[in-house]
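Enquirer: This is the structure I want to talk about, given as C-alpha cells.
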Amino acid sequence: MTAPIETTEAAAEVSPEAVLAGAGAERIEGRSLGRIAWNRFKKDKVAVAGGVIVILLILIAAFARPLQHLFGLDPNSFHQDLIDPTTSLPQGGLGGMSGDHPLGVDPKFGRDILARILEGSWVSLVVAFGATVLSNVIGAILGVVAGYYGGRVDTVISRLMDTFLAFPLLLFAISISATLQGGAFGLNGLPLHICVLIFVIGFFNWPYLGRIVRGQTLALREREFVDAARGMGARGPYILFRELMPNLVGPITVYSTLLIPTNIIFEASLSFLGVGIQPPQASWGGMLKDAVDYFQVDPQFMIVPGLAIFVTVLAFNLLGDGLRDALDPRSR
C-alpha cells in the first residue's frame with residue numbers, strides 16, 4: 001500500500017518545467033480565430049470545391065479577353081457558312097459543335113457560343129461584385145451607426161430600411177434601366193449599362209445587410225472591449241471603425257458570398273427582359289433571351305448559358321455556406 005503513495009509524492013515533487021521539458025521538442029503554438037476558421041473550412045469538402053470553382057470562374061472572367069485572343073475567338077464574329085439558310089439553325093448536330101466551336105454556334109448569326117460565354121462571364125461578375133461592394137458599404141455603415149447610437153438615429157435609419165425594402169425592386173430597376181439606356185452622366189454604351197446595373201442592384205439591396213449589421217452591433221456594443229474603449233476616452237467614430245467593424249468582418253463576408261449569386265441572377269434577369277446589358281455585347285441573360293425562340297429546335301443554345309449561371313450561383317452558395325459554418329460553428 002505504500003508504493004502508490006511514494007509514487008504520488010515523487011510525482012508531486014516534479015516541477016511543471018520538467019514535465020514540459022519531457023513532453024518532446026514540439027512547440028506549442030496558439031491559433032488565431034482566422035486559423036481556427038480556416039481549419040474548420042478545410043474540413044468541409046463541398047465548400048472547398050465551391051471555393052475552387054469560384055476562383056476558377058474569377059480567373060476565367062479576369063482573363064476572358066486574353067483567352068479569346070489566345071484561341072482566336074470573337075464573340076461578335078458571324079459565321080454564316082455554318083448556318084442552314086433554310087432553317088437558320090446551325091449545321092450538324094448539337095448546335096454545330098465542332099473542333100473549332102466546342103460549344104457550338106448560335107442560330108441565325110453563327111456566333112461562337114464559347115466566346116460569348118467567356119465574354120459574358122466578366123460582365124456578370126463585374127456587375128455582381130460591384131453591386132455587392134456598394135450594398136456592403138452603405139449597409140455596413142448605416143447598420144453599425146444605427147446599432148451603436150440607438151435612439152432617434154436608430155429609428156430614422158430603421159424606417160429608411162423599411163422604406164427601401166418596400167420598393168418593388170424589379171419594376172423600379174426596369175424603369176430606371178430603360179430610362180437611362182440612351183446616355184447619362186457623360187456615359188453611354190456598355191460602361192453606362194454596367195454602371196446603371198451596379199447602382200440599381202447595389203443601392204436598393206443595402207437594407208438586408210444593414211439589418212444584419214445592426215443586430216450584430218446591438219450585441220457587440222455591450223461587450224467589455226467597447227466599455228474599455230469608452231473608459232479610455234475613445235469617441236464614437238473610433239469605436240465604430242476600430243472596435244466594432246473588425247468584429248463584423250465575418251458576418252459581412254458570409255453575407256457577401258451569398259449576395260453575389262443573387263446579384264448575378266438579378267443582372268441576368270434584367271438582361272433577359274431587355275433592360276440590362278444590350279446587344280451586341282454578350283451576356284448570359286441576353287443569350288437566354290435569344291434562345292427562347294430556338295429552345296425546341298436548338299436546346300444547346302439555351303443549355304450552355306443556363307448551365308453557366310447555374311454552376312456559378314451554386315459555387316458561390318456552397319462557398320457561402322462553408323464560410324458561415326467555419327466562422328460561426330453554432331450555426332450548424
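The values are calculated or read from the model by the stated rules, or taken from the named source; none is laboratory data. Quantities reported herein were computed from a predicted structural model and do not represent experimental measurements. Neighbour counts are summed over all protein chains in view; Cβ atoms, including those assigned to glycine, are modelled from backbone coordinates with ideal geometry. For accessibility, only protein heavy atoms count, side chains too; no ligands or nucleic acids. Shrake-Rupley method; radii C 1.70, N 1.55, O 1.52, S 1.80 Å.
Enquirer: Identify all residues within segment 233-292 that are acidic (Asp, Glu) and more than 15 Å from residue 131 (Cβ to Cβ); write none if there are none. Steps first, please.
Expert: Narrowing segment 233-292 to residues acidic (Asp, Glu): 243, 267, 290.
Within segment 233-292, 243, 290 qualify.
Enquirer: Same structure, new question: Within segment 80-132, work out how many residues are assigned to a helix (DSSP H, G or I) and either within 20 Å of residue 277 (Cα to Cα) or open to solvent by less than 60 Å² (accessible area, probe 1.4 Å) (or both). Break it down into steps so the answer makes sense when it comes.
Expert: Step one: list which residues in segment 80-132 are assigned to a helix (DSSP H, G or I), which gives 80-82, 113-132.
Right, trim to either within 20 Å of residue 277 (Cα to Cα) or open to solvent by less than 60 Å² (accessible area, probe 1.4 Å) (or both) and you get 82, 113-132.
Of the residues in that region, 21 qualify.
Enquirer: Evaluate the following for residue 240: is it farther than 18 Å from residue 146 by Cα and touching a Phe, Trp or Tyr at 6+ places or on another chain (Cβ under 8 Å)? Give the derivation first.
Expert: Numbers: farther than 18 Å from residue 146 by Cα: no; touching a Phe, Trp or Tyr at 6+ places or on another chain (Cβ under 8 Å): yes.
No.
Enquirer: Another question about this same structure. Mind checking which residues of segment 271-284 are in contact (Cβ under 8 Å) with a residue 40 or more places away in the chain and more than 14 Å from residue 126 (Cβ to Cβ)? Steps first, please.
Expert: Taking segment 271-284 as the starting set, the residues that turn out to be in contact (Cβ under 8 Å) with a residue 40 or more places away in the chain are 273, 275-278, 280-284.
Once the filter is applied, which keeps residues that are in contact (Cβ under 8 Å) with a residue 40 or more places away in the chain and more than 14 Å from residue 126 (Cβ to Cβ), segment 271-284 yields 273, 275, 278, 280.
Enquirer: Taking segment 68-78 on its own, how many of its residues are on the phi < 0 side of the Ramachandran plot and open to solvent by 50 Å² or more (accessible area, probe 1.4 Å)? Break it down stepwise before answering.
Expert: First pass over segment 68-78, keeping only residues on the phi < 0 side of the Ramachandran plot: 68-71, 73-78.
Now restrict to residues that are open to solvent by 50 Å² or more (accessible area, probe 1.4 Å): 69-71, 74, 76, 78.
Counting residues in segment 68-78 that are on the phi < 0 side of the Ramachandran plot and open to solvent by 50 Å² or more (accessible area, probe 1.4 Å) gives 6.
Enquirer: When you look at residue 67, is it in a helix (DSSP H, G or I) and closer than 19 Å to residue 288 by Cα, yes or no?
Expert: Details: in a helix (DSSP H, G or I): yes; closer than 19 Å to residue 288 by Cα: no.
No; evaluated as a whole, the condition is false for this residue.
Enquirer: Any idea which of (1) open to solvent by less than 70 Å² (accessible area, probe 1.4 Å); (2) part of a helix (DSSP H, G or I); (3) out of contact with any Pro (no Cβ under 9 Å at 6 or more places or on another chain) is the one residue 199 doesn't satisfy?
Expert: (1)
Enquirer: Answer yes if at least one residue in segment 164-179 is touching a strand residue (DSSP E or B) at 6+ places or on another chain (Cβ under 7 Å) and not aromatic (Phe, Trp, Tyr), and no otherwise. Explain how you work it out, then say what you get.
Expert: First, the residues of segment 164-179 that are touching a strand residue (DSSP E or B) at 6+ places or on another chain (Cβ under 7 Å): none.
No, because not a single residue in segment 164-179 is touching a strand residue (DSSP E or B) at 6+ places or on another chain (Cβ under 7 Å) and not aromatic (Phe, Trp, Tyr).
Enquirer: Continuing with the same structure: Among the candidates 158, 175, 135, which residue alone is in a helix (DSSP H, G or I), crowded, with 19+ Cβ neighbours inside 10 Å and hydroxyl-bearing (Ser, Thr, Tyr)? Walk me through how you get there before you give the answer.
Expert: Values: 158 fails: crowded, with 19+ Cβ neighbours inside 10 Å; 175 fails: crowded, with 19+ Cβ neighbours inside 10 Å.
Every option except 135 fails the conditions.
Enquirer: Out of all the residues in segment 185-202, is one or more hydrophobic (A, V, I, L, M, F, W, C) and on the phi > 0 side of the Ramachandran plot?
Expert: Checking segment 185-202: at least one residue is hydrophobic (A, V, I, L, M, F, W, C) and on the phi > 0 side of the Ramachandran plot.
Enquirer: Hey, can you tell me all the residues within segment 210-229 that are farther than 23 Å from residue 137 by Cβ and surrounded by 15 or more Cβ atoms within 10 Å (Cβ to Cβ)? I'd like the intermediate steps shown before the answer.
Expert: Taking segment 210-229 as the starting set, the residues that turn out to be farther than 23 Å from residue 137 by Cβ are 222-225, 227-229.
Result: 229, single match.
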